[in-house]
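The values are calculated or read from the model by the stated rules, or taken from the named source; none is laboratory data. Source: prediction; values computed, not measured. Because the Cβ atoms are built from the backbone with ideal geometry, glycine has one as well, and the counts that use them run over all protein chains shown. All accessible areas refer to the heavy atoms of the entire protein, side chains included, with ligands and DNA or RNA removed. Shrake-Rupley method; radii C 1.70, N 1.55, O 1.52, S 1.80 Å.
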Amino acid sequence: MNRLLLPLFAASAVLVAACGGGSDATPTPTPTPSPTPPPAPTPPPAPSPAPTPPPAPSPAPTPPPAPSPAPTPPPASAPYPVGLSDQQITVNGVVRQFRVHVPAALTGAPKAVVLVLHGGGGEGLNVSNTGQHPLSVFRSVADREGFVVVYPGGLPAKDNEGNPGWVDCRADNTVASGADDVGFLAALVERVRSQYGLTTSRMFMAGTSNGAQMTHAFAFNRADLVAAVASGAGSLPQTPLPGACTTGPSRPLPILLLHGTGDPAMPWAGGCVANVGGACNRGRVISAEATRDRWLQINSLTGVSPTQTVLDGNKSDPGPANRFDYAGATPMQWWRLDGAGHTVPSQIVLVNPSPTSGIQNRDIEFAEVVWAFFKARLPGTSAIVSLPMQQVGSPGNPADTRTDYGAVSYSYAIGTFEVTAGQYTAFLNAVARTDPYGLYASNSSDMSTWPTGPRIQRTGSSGNYAYSVAADYADRPINFISWGDAARFVNWLHNGQPIGAQGPATTERGAYTLDGATTDTALLAVTRSPGARFALPTENEWYKAAYFDPTITAANKYWSFGTRSNTTPSNQLLTPDPGNNANFFQNNAYSLPGFLRTNVGDFENSPGPWGTFDQMGNVGEWTETVRSGAFAVRGESYSTGDSGGTQLGYRFVRNVAPTDEETKNGFRVVSLMAGTSASSSPQ
């Protein structure tokens, strides 16, 4: 079994084709995600899609305007308008362009500022255009999470294309503009930080390709100005410039590194960058593994054994995304994308393969994994819980003709996994030192000692309660919780995972207005609030993520089971998972002795059509849809005693009173992106 869980808050931007300063145009994105039908058990690797010829190169962008005086900054309370706006700053007499995205719901200072650096090769500031480039997804994540995104612009290169790029640490890059890009970015970081009144601990930088190389250069030269950095497909130079580019940063810095093993533009094994025409005039880099090793040395992590996580929810790409976490005082996260090329990994903005870029990895969302890494570095973020999310596209899809469920008019994201006992324990420690609304089960033995419970212990007295979970239960889904408990967990997520007593700022308002509701009647009257960042899924949202697959060629594009299959699954917990498996009672046998819940994602080759795991079996999952005076629970559980497996399938739903705390019930959450809406009424 592969461990797919990203335990406590860790999770889910196309790399420009010639990001090392080349001029090749980025392949045209495909508009919506298209999950692949499930493989048969232990299938041979799926063939890669036939490459689509790249579009004709875009004309070189218009050079920046002539220098002019920098505009007077707006008042510190609102330095930039809501939405995306073009801005400029004058540094050493040169006018430099940048764009700023401010979430509509932002009031006061943002949670953080993330600078996102484009690659070199024609896109420039246009990587911020929603839906046209994976780096634009940072805007949607910012809307949900409450941070500001800044997209700086590089200056034109000296080659005959003149596309915008960056002057990083490569001494042998002969086509770079010659600009002082470290100075420009330092001035920009300082300006935005001071305008919002933030400390350096809330400033972050991420880049892809040439932008990733520039991120390395900035970290080496000005580590004092950022709290952490992230680099996608950008290796360190073989011949660095003297000074900081050679000696390294002034202090260790948390870093996320990501690279595809099939990258033709920034070679995995090192060598010439984007070697168009064979001149190698963009310089040479060391290998991705050597880049990793250099940062391990910088961060004093050379003796650390990493924890590996494997994500392979989309079989249309060349291989899985492998995440390696190096824990320490200054941590590092390293992603190896097997077979992937130079294109930024994304589940939302899909890019056709090309000879210059290779094939895109679609198992992860670059913006999501980068933000999860940055978010864990924010000051005051104790008990951070990470919920990896899968994007569900194809808005406006038809309903399942068999049930009339599954139609959803908007895009959204849903939890890759069910919420775990470890994550719920972090929630309890944050808000339940006193527990007036019974987030810890009313029968404490259900939570602490019951064989099929979550094994969460509570110690101390009211006002000083503390909670811990048994190590071998932390990654199993939470159970013995009511609908109200789940809704309060969602409110906590919506409010940014604060620490404090249960009240309007923590558990009682946000996605749902609860205000002390604990009875069946009061909870059934609760509906999703406008602007909810997280929520319990509607039945339609849950059903679509479990069964709808736009790549099915038949008129009705729904699977019968949540493992991309029309065949009843098995319940065999094997290593490796042969596929089409779930944790339930079958043929007088449980998946685990003692009918225990499996770790989330243990059936690593049995994902749903959008890359979710365990949407059937393990635990039934609360929705916010009301049915016959109760809430609908979908997916059934480990204790389903139907040897035919039909209770796991698309037709089966239970109606459960919202105050019930059953061993069979758990939940996962959805996340609503900016500009979407959802009704909690049955559709």
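Annotations
- Near Asp317, once Lys and Arg are set to +1 and Asp and Glu to -1 for all other residues with Cβ below 11 Å from its Cβ, the sum equals -1.
- As a rough guide to protection, the peptides 627-638, 335-346 ranked by mean Cβ packing within 10 Å, highest first, stand as 335-346, 627-638.
- All lysines inside 24 Å of Lys557 as judged from Cα atoms, apart from same-chain residues fewer than 8 positions distant: Lys315, Lys544
- Alpha carbon centroid spacing (whole Å) that separates the range 563-582 from the range 478-495: 29 Å
- Within straight-line reach of Lys375, meaning a Cα separation under 25 Å, sit the following lysines at least 8 residues removed in sequence or on another chain: Lys111.
- Stretchable slack from Val310 to Trp450, in nm (0.36 nm times residue separation minus alpha-carbon distance): 47.3 nm
- Computed magnitude of the charge dipole of the range 527-595 (debye, nearest 20; Cβ of K, R +1, Cβ of D, E -1): 200 debye
- Positive dipole terminus of the range 142-240, leading residue within Ser177, Ser235, Met205 (C-beta point charges): Met205
- For the range 284-358 versus the range 107-158, the gap between their alpha-carbon centres in whole angstrom: 21 Å
- Alpha-carbon centroids, the range 164-182 and the range 236-252: separation in whole Å: 14 Å
- J(HN,Hα) series, the range 195-202, from Karplus relation 6.51 cos²θ - 1.76 cosθ + 1.60, nearest Hz, glycine and proline x: 5, 8, x, 9, 8, 4, 5, 10
- Packing rank of 164-173, 424-433, where each peptide gets the mean count of other beta carbons within 10 Å, highest leading: 164-173, 424-433
- Each Lys and Arg contributes +1 and each Asp and Glu -1, all at the Cβ; summed about the Cα centre of the range 427-500, the dipole is approximately 100 debye.
- Summing charges over all other residues whose Cβ lies under 10 Å from the Cβ of Arg455, with Lys and Arg as +1 and Asp and Glu as -1, gives 0.
- Net charge contributed by nearby residues that have their C-beta within less than 10 Å of Tyr473 (K/R +1, D/E -1): +1
- Two-site FRET efficiency, Thr459 against Asp293, from Cβ-Cβ distance with R₀ of 30 Å, rounded to 0.05: 0.10
- Using a probe of 1.4 Å, the accessible surface attributed to His216 totals some 10 Å² when neighbouring protein chains are kept in position.
- Relative contact order (%) - criterion: Cα under 8 Å, at least six apart; region: the range 426-486: 33 percent
- In the context of the full protein assembly, Tyr437 retains an accessible surface of approximately 70 Å², using a probe radius of 1.4 Å and ignoring ligands and nucleic acids.
- Think of a 1.4 Å ball rolled over the protein heavy atoms: the range 188-308 then has 33 Å² of accessible area per residue.
- Put Thr506, Thr553 in order of accessible area, highest first, and with a 1.4 Å probe you get Thr553, Thr506.
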